[in-house]
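Below you'll find the structure, written out as structure tokens, and then a few comments.
Nothing in this text is a laboratory measurement; each read-out follows from the coordinates by a stated rule. Worth saying up front: this structure is predicted, and the values here are computed from it rather than measured. As a convention, Cβ positions derive from the backbone with ideal geometry for all residues, glycine included, and neighbour counts pool all protein chains shown.
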């Protein structure tokens with residue numbers, strides 16, 4: 001059974017290699033090293049699922065591998081040559097992008113933290129109910145949507161959150177892919193190969209709302225269905241996808257180095273543990289610019305960078 005699973009696809013990482021087929025990595029400890037794409041962002045049995053009969057299944061991993069293969073062909077034959085996609089090809093790429101959004105380790109950890117916070121909130125509610133006999137009466141008077149989650153559900157998710165996440169990648173995939181398919185797409189090209197990527201490369205950002213409400217305000221929180229949202233995803237060292245609802249039409253568009261750096265800022269500040277570049281020089285530049293203090297300041301001033 002295959003046990004080494006890429007949290008970021010190898011076929012994707014290969015688009016950021018140097019002339020010797022290495023990528024250069026800046027990690028969370030400020031180490032810089034080069035490595036082959038097949039040997040980075042791997043975890044044992046990251047997508048393995050336990051079936052009801054106790055057997056281990058690679059269904060999620062195998063499904064993701066098929067998605068990756070189809071995308072790699074379309075990128076090579078169409079996107080890298082500035083050719084527009086058929087509807088079927090666009091659907092395939094949409095599925096790949098949705099999978100890349102859902103499958104990462106940072107996304108998994110984000111879901112785990114969300115359920116931990118939910119558990120803490122539910123435990124606090126329980127204490128309030130026990131201290132105030134009328135609390136349940138007040139709660140029952142609040143209109144319900146009919147959907148509910150109990151402590152047993154939350155505990156079950158936290159106990160098996162790794163496998164729960166693996167399964168959710170596929171269950172959520174159709175809906176997320178459909179939304180991305182419906183957006184307008186612009187492929188930004190940079191002739192100097194200046195785009196970088198990371199271990200959580202798809203970024204959702206609402207620049208207009210950030211300028212209006214602030215970086216961490218509720219009114220500027222990102223989501224795929226917000227009309228002002230921008231989805232950015234580096235596709236290679238010379239291609240980046242910008243998708244959204246306010247773009248006029250699908251396009252290929254050449255951008256200068258300064259604009260590429262602005263998009264890199266989004267990618268870098270969205271990274272968790274690894275930033276992937278084409279060269280040691282670029283990794284050194286990022287390291288010098290994005291120290292822990294600089295990283296914090298860059299997030300606080302994001303509305304000026306968008």
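Quickly work out the residue 35-to-residue 85 label distance, labels modelled 7 Å from Cα along the C-beta direction, and quote it in nm with one decimal.
The answer from the label model is 2.8 nm.
Need one number: nm distance between label points at residue 228 and residue 128, each 7 Å from Cα along Cα→Cβ, rounded to one decimal.
That separation, rounded to one decimal, is 3.1 nm.
Could you give the nm distance between label points at residue 193 and residue 52, where each point is 7 Å from its Cα heading toward the beta carbon?
Those two pseudo-labels are separated by 5.2 nm.
For the chain, would you read off the P(r) tail past 25 Å as a percentage of all alpha carbon pairs?
Result for the distance tail: 55 percent.
Full-extension gain between residue 254 and residue 113, please, as 0.36 nm times their residue separation minus the C-alpha to C-alpha distance.
Going from the current span to full extension adds 46.8 nm.
First measure r as the distance between the Cβ atoms of residue 155 and residue 78, then evaluate 1/(1 + (r/R0)^6) with R0 = 30 Å and state the FRET efficiency to the nearest 0.05.
FRET efficiency, residue 155 to residue 78: 0.05.
At a 10 angstrom cut-off on C-beta neighbours, averaged per residue, how do the peptides 171-184, 212-225, 263-276 rank from highest to lowest?
The densest-packed peptide leads the list: 263-276, 171-184, 212-225.
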